[in-house]
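Have a look at the structure below before the remarks.
The values are calculated or read from the model by the stated rules, or taken from the named source; none is laboratory data. Please read these numbers as outputs of a predicted model, since none were measured by experiment. Quick reminder, even Gly has a Cβ in these numbers, built from the backbone with ideal geometry, and neighbours come from all protein chains shown. Only protein heavy atoms, including side chains, enter the accessible area calculation; ligands, DNA and RNA are left aside. Shrake-Rupley method; radii C 1.70, N 1.55, O 1.52, S 1.80 Å.
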Amino acid sequence: MQFPSLQAKIDHFGGALQMMRNSQTGPYQFPIPAEFSNWREEQRAWREGVALMDQSFHMTDLYVEGPDVMAFVSSLAVNTFSNFGDGKAKQFIACAENGFLIGDMIIFGLGEHLVNIVGRPTVANWVEYQAATSGFDVRCDRDERTLQNAKPRKTFRFELQGPKAWALLEKLNGGPIDQPRFFQMGHLSVSGRTFRSLRHGMGGAPGLEFWGPWELYDEIKGTILEAGEEFGLRQVGARAYSSAAVDSGWLPCPLPAIYSGEEMRAYREWLPATSFDAIAALGGSFVSDAIEDYYFTPWEVDYGRLIRFDHDFVGRKALEEKASQKHRKKVSLVLDSEDAAKVYASQMSPGQNAKAMEVPTAHYAAYPYDVVLDTHDNEVGVSTYTSFIAPDGAWVALAVVDEEVAAKGSELSVIWGEPAGGSNRPTVERHVQTTLRATVSGWPFSKVAQEGYRPGLAA
């Protein structure tokens with residue numbers, strides 16, 4: 001059945017939760033080969049060597065241009081844009097009027113009146129709607145991710161990470177590169193051409209992502225692969241790439257606060273029923289009848305420190321009211337290895353088994369939400385993205401939990417699997433729920449592991 005808008009689809013299902021729990025889609029897709037070698041060694045590459053992450057296909061690029069562009073993006077972001085401009089980059093964090101997160105993307109200043117906002121489609125949808133309705137003198141040019149775009153992309157986007165990444169980057173550049181601060185933009189020369197770059201870091205070492213015209217994709221990638229042979233370069237496939245967020249401690253896709261409230265109705269009526277936000281699936285053991293229970297505040301995903309009340313923006317009043325309240329905290333949970341092994345052992349017996357844990361990333365919906373319990377079986381939070389980190393031999397989940405149980409070493413548990421034997425989605429087999437013991441750790445987990453803190457792992 002076709003619907004004219006997200007709102008119409010929600011009305012048909014009798015609510016957004018019913019719509020998302022019955023969505024027939026699975027987790028967010030990365031349209032690159034699953035593995036170039038094997039996902040375990042590809043994970044190790046950004047910890048121990050050098051990894052090439054091809055980001056040319058799975059993200060939406062929204063170009064926003066016009067004389068009002070800086071004022072426009074400032075009006076939507078909870079973080080400040082007072083010092084933003086050409087050659088700058090930062091997170092773009094957007095909230096709804098109620099102060100709950102819509103999401104975040106990376107915004108690049110490409111000129112005095114031009115920015116590019118890059119990431120998953122949700123925030124791009126919101127920005128594009130605001131550009132069409134807010135009265136600012138801006139216009140949008142959208143380069144959609146490959147799964148929703150039959151045309152060639154406008155740009156390639158490559159990222160090199162790992163302890164040997166900087167040596168490879170300087171080889172590609174033909175000489176030393178001044179190392180910018182984290183998340184600062186610079187330039188990189190490859191094959192006699194100069195590209196803009198952004199400083200990142202994984203595995204405790206500096207790296208860069210850089211981008212350029214799509215027509216140069218094959219040439220530049222070939223140059224990288226040839227130069228990287230000396231350093232043992234590994235390309236990162238979709239399986240390993242899907243686990244990078246958990247290793248880095250970044251919650252990639254909070255359920256956006258767009259599905260409820262009259263103030264969001266006009267947006268839901270504007271948003272197509274074929275958009276990512278209209279087809280994304282919700283899964284896991286956490287079940288509530290109030291969709292607001294699935295929303296996060298900026299503080300809960302560690303963005304509270306970035307909020308600045310030096311400008312007017314959507315959601316400012318609500319955030320000012322929430323600022324003095326208690327907030328849950330983002331943590332890493334290390335799942336007990338014996339309990340995880342029991343999940344796998346259950347697959348080798350007849351009858352209904354525990355929900356299978358795909359490796360290296362176990363989520364089976366775009367929005368995975370599992371119940372977190374304390375030692376008295378009280379609900380104290382939700383576990384979201386869960387991945388196996390091969391260099392540490394650990395199942396790790398990103399979670400948001402009550403402050404009282406957020407200290408490192410706290411013993412909690414996660415309810416794995418869906419109630420009533422599972423849902424009707426094709427990614428969910430019939431199964432029984434099981435309890436996985438877990439220990440609170442810090443994030444990014446790659447840093448925690450380097451410091452030697454390995455809670456809950458079998459000796």
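Only one of (1) over 19 Å from G49 (Cα atoms); (2) of a type outside the set (K, R); (3) in contact with an Asp or Glu (Cβ under 7 Å, 6 or more places away or on another chain) fails for A240. Which number is that? Result: A240 passes all but (1).
The set of residues in the range 74-101 being open to solvent by less than 40 Å² (accessible area, probe 1.4 Å), touching a helix residue (DSSP H, G or I) at 6+ places or on another chain (Cβ under 9 Å) and of a type in the set (S, T, Y) consists of S75, T80.
Looking across the range 1-22, not a single residue is touching a strand residue (DSSP E or B) at 6+ places or on another chain (Cβ under 7 Å) and part of a loop (DSSP other than H, G, I, E, B). Residues in the range 23-47 that are touching a helix residue (DSSP H, G or I) at 6+ places or on another chain (Cβ under 7 Å), open to solvent by 40 Å² or more (accessible area, probe 1.4 Å) and outside any loop (DSSP other than H, G, I, E, B): R40, R44. Out of A227, A245, one residue alone is part of a helix (DSSP H, G or I) and either under 26 Å from S332 (Cβ atoms) or of a type in the set (S, T, N, Q) (or both). It is A245. All of (1) farther than 30 Å from F388 by Cα; (2) part of a loop (DSSP other than H, G, I, E, B); (3) modelled with pLDDT of 95 or more hold for G87 with one exception: (3). Scan the range 411-433 residue by residue and report those that are under 15 Å from D374 (Cα atoms) and either of a type in the set (V, I, T) or modelled with pLDDT under 95 (or both). V414, I415 - these are the residues of the range 411-433 that are under 15 Å from D374 (Cα atoms) and either of a type in the set (V, I, T) or modelled with pLDDT under 95 (or both).
Of all the listed residues (V400, V359), the sole one being under 23 Å from the mean Cα position of the chain (by Cα) and either among the polar types (S, T, N, Q) or closer than 19 Å to K330 by Cα (or both) is V400. With the structure loaded, tell me whether S191 is surrounded by fewer than 15 Cβ atoms within 10 Å (Cβ to Cβ), within 21 Å of Q235 (Cβ to Cβ) and either among the aromatic types (F, W, Y) or free of Cβ contacts under 8 Å to residues at least 40 places away in the same chain (or both) or whether it fails that test. It is true that S191 is surrounded by fewer than 15 Cβ atoms within 10 Å (Cβ to Cβ), within 21 Å of Q235 (Cβ to Cβ) and either among the aromatic types (F, W, Y) or free of Cβ contacts under 8 Å to residues at least 40 places away in the same chain (or both).
To keep it simple, each residue is scored yes or no on (1) part of a helix (DSSP H, G or I); (2) in contact with a Lys or Arg (Cβ under 7 Å, 6 or more places away or on another chain); (3) hydrophobic (A, V, I, L, M, F, W, C).
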{"position": "S56", "(1), (2), (3)": "no, yes, no"}
{"position": "M70", "(1), (2), (3)": "yes, no, yes"}
{"position": "S82", "(1), (2), (3)": "no, no, no"}
{"position": "I102", "(1), (2), (3)": "no, no, yes"}
{"position": "W126", "(1), (2), (3)": "yes, no, yes"}
{"position": "L147", "(1), (2), (3)": "yes, no, yes"}
